[in-house]
Amino acid sequence: MQPKEPTRIFLYNTLTRQKEELTLREPGKVSLYVCGVTPYDALHIGHARAFTVYDVLRRVLTARGLEVTHIQNVTDVDDKIINRAAEVGVSAKELAERFAAEAADDTRALGMLPAHLYPRVTDYIKPIVDMVQVLEHKGYAYARAGDVYFDVSKDPQYGKLSGQKLDELEAGARIEPGEHKDDPMDFALWKGVKPGEPSWAAPWGEGRPGWHIECSAMALELLGAGFDIHGGARELIFPHHENEVAQSEMYLDGNAFARLWWHCGVVQVDGKKMSKSLGNFLTVRQGLQIASPQVWRLFYLMTHPRSPLDYNEERLMQAKSAWGRLYSALSTHEAEPYRLFAAATANGTPNGSAPDNAAVRHFRERFDAALADDLNTPIAFAAIFDAVSEWHRIHDDDLARVVRGALEMLGFTFEVQQPSDELGELAPRLIEMLVEVRREARERRDFKSSDNIRNELEKIGVLLEDTPEGTRWKMEM
RNA sequence: GGGCAGGUGGCGGAGCGGCUAACGCGCUGGACUGCAACUCCAGUUUUCAUGGGUUCGAGUCCCAUCCUGCCCUCCA
């Protein structure tokens, strides 16, 4: 199962519980559907972890020459949105769009590429209604008092994604007041309208989509049956994804909905899942106050994407130190655009311009193989850190450029950190003046003054490093 | 109760049948430095939850036990 050729990619398929080679419905093209947000509140760093993981998956696939269509839905009609909107006194749509826009800002601030499309459920009511109707006509769903429910007993494969057996699920299930299910495991495809709620016309009367149907309908509408990868966090496996598979594959007469399900782990705090309901969350905005986007990205990627990730500030600071090491080593080099190792060597390198020596080769082989093996980012970073150490030893600038290119491929940036927004371009010049004053002090062996300058600058986040070529400064990450 | 993931050093975190168990953070000593920082070198530490078993050989497979998290209700 170890990928020998880095052009092949292996991912753990939740459906089959093993790593599988990624095979595509259409050669060269990857259709990726990721479960996005229900925008009724701020994005927190748990959400951001998931989106970062899929951002990296998409970047890696793209860097391998695949054309990725990345879709991330926005569930803009939902109980929580409706309730929250009522509290705040705005329409549900207004509230949803406000938080969706905020989430878009936050993900951009974290350095993620925007998905190619963020479909809103409310823009896909027609396909949803159509799908529910088909399910009803085929006898897999039934209408009761304005609601429509999926009849789980009609699906012999129900439970295959989460590994649950129907009778075991039955034990814990119950029917909520106001529901009209025949069986506790059945789930709503369509909810009849209640006073004050947004609703749309449908054959069963006014109402709105149930929770799971929107993803099925939008994925099928936008990507079509048998699309390549369906993603989301682990917690969504049941019931959300299980129900998506059930309704979609019954709708498709047993044909596959998604080829591969790849789930990422959740973020925990002190061993408990970070969640809005527990209140143990840190919003992305708060998070960006204490660490840069690069530090967050590294913090996320130093753990395997499918593993749980326990957050606390000390661990974040470990990532900060680690990023500082990468940044100070690589920030002064031009990046060599990332190219897949096998492709680079197979196609030959025109004019011999592309770096290709033993150190570069060794790094690329490890890095590419790690990412191809279920997106093993911890090992990819082991290769990066080893390469950085190697660079410090042998000062092979090609190696530094290639490593920097690899980091940029993963979504890291090496922008010069601005010392201060207020001072703008003036600040670097002032710092350089202080560095010069300090140099003169050191020449006089006035170490009291020189240390004072260094210490005071450090207090405001400017770090000085004396090198044989002179003093250089950098902002604390 | 059921399903699914796990339990590896001071802290994170890879490895999942076979070199002296990656990598990061931390710590100690040395080099460099006016002193630091950065960097390099040398160390630091784990018989890989526990008890059995399979195997020439096991964190790595099997069984049992203990513990943790996730899901079974909205949640990335």
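The values are calculated or read from the model by the stated rules, or taken from the named source; none is laboratory data. On a predicted model such as this, the values are computed, not experimentally measured, just so you know. Cβ coordinates were reconstructed from backbone atoms using ideal geometry, including for glycine residues, and neighbour counts include every protein chain displayed.
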Practice task
Among the residues of region A:230-255, count how many are at negative phi and within 16 Å of RNA strand B (Cβ to nearest atom).
Solution key: 17
Practice task
Return yes when residue A:67 is in contact with a strand residue (DSSP E or B) (Cβ under 8 Å, 6 or more places away or on another chain) and among the charged types (D, E, K, R) and no when it is not.
Solution key: yes
Fill in the blank from the handout: Those residues of region A:257-291 which are away from RNA strand B (no atom under 15 Å from the Cβ), crowded, with 17+ Cβ neighbours inside 10 Å and either among the polar types (S, T, N, Q) or over 29 Å from residue A:228 (Cα atoms) (or both) amount to A:288
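Quick check on region A:244-251. Is at least one of its residues among the aromatic types (Phe, Trp, Tyr) and surrounded by 18 or more Cβ atoms within 10 Å (Cβ to Cβ)?
Filtering region A:244-251 for residues among the aromatic types (Phe, Trp, Tyr) gives A:251.
Now narrow it down to the ones that are surrounded by 18 or more Cβ atoms within 10 Å (Cβ to Cβ): A:251.
Checked against the condition, which is being among the aromatic types (Phe, Trp, Tyr) and surrounded by 18 or more Cβ atoms within 10 Å (Cβ to Cβ), region A:244-251 yields at least one hit.
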Exercise for the section: Test residue A:43 against the stated conditions and say whether it is of a type in the set (A, V, I, L, M, F, W, C), in contact (Cβ under 8 Å) with a residue 60 or more places away in the chain and over 27 Å from residue A:125 (Cβ atoms). Expected result: no
Fill in the blank from the handout: By residue number, the members of region A:292-325 that are more than 8 Å from RNA strand B (Cβ to nearest atom) and among the small types (Gly, Ala, Ser) are A:292
Completion exercise
Checked region A:436-461 for anything closer than 26 Å to residue A:326 by Cβ and either out of contact with any helix residue (DSSP H, G or I) (no Cβ under 9 Å at 6 or more places or on another chain) or away from RNA strand B (no atom under 11 Å from the Cβ) (or both); matches are A:455, A:458, A:459, A:460, A:461
Completion exercise
Going through region A:441-477 in order, the residues found to be under 25 Å from residue A:290 (Cα atoms) and part of a loop (DSSP other than H, G, I, E, B) are A:460, A:461, A:476, A:477
Practice task
Sort out which residues of region A:26-38 are assigned to a strand (DSSP E or B) and closer than 19 Å to residue A:266 by Cα, and write them in order of number.
Solution key: A:33, A:34
Completion exercise
When every residue in region A:16-25 that is modelled with pLDDT of 90 or more and assigned to a loop (DSSP other than H, G, I, E, B) is compared, the one nearest to RNA strand B (Cβ to nearest atom) is A:22
Exercise for the section: Inspect all residues belonging to region A:196-215 and state whether any of them is assigned to a loop (DSSP other than H, G, I, E, B) and closer than 30 Å to residue A:310 by Cα. Expected result: yes
Exercise for the section: Kindly indicate whether any position in region A:293-302 is free of Cβ contacts under 8 Å to residues at least 12 places away in the same chain and closer than 30 Å to residue A:67 by Cα. Expected result: no
Practice task
Could you please give the count of residues in region A:165-212 that are under 23 Å from residue A:248 (Cβ atoms), surrounded by fewer than 16 Cβ atoms within 10 Å (Cβ to Cβ) and in contact (Cβ under 8 Å) with a residue 60 or more places away in the chain?
Solution key: 1
Problem - Selection within region A:67-92 - modelled with pLDDT under 95 and surrounded by fewer than 19 Cβ atoms within 10 Å (Cβ to Cβ) - result: A:79, A:80, A:83, A:84, A:86, A:87, A:88, A:89, A:90, A:91
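Taking region A:382-415, which residues are touching a residue at least 40 places away in the same chain (Cβ under 8 Å) and within 18 Å of residue A:296 (Cα to Cα)?
If the condition is that a residue be touching a residue at least 40 places away in the same chain (Cβ under 8 Å) and within 18 Å of residue A:296 (Cα to Cα), then A:384, A:385, A:404, A:406, A:407, A:408, A:409, A:410, A:411, A:412, A:413, A:414 are the ones that fit.
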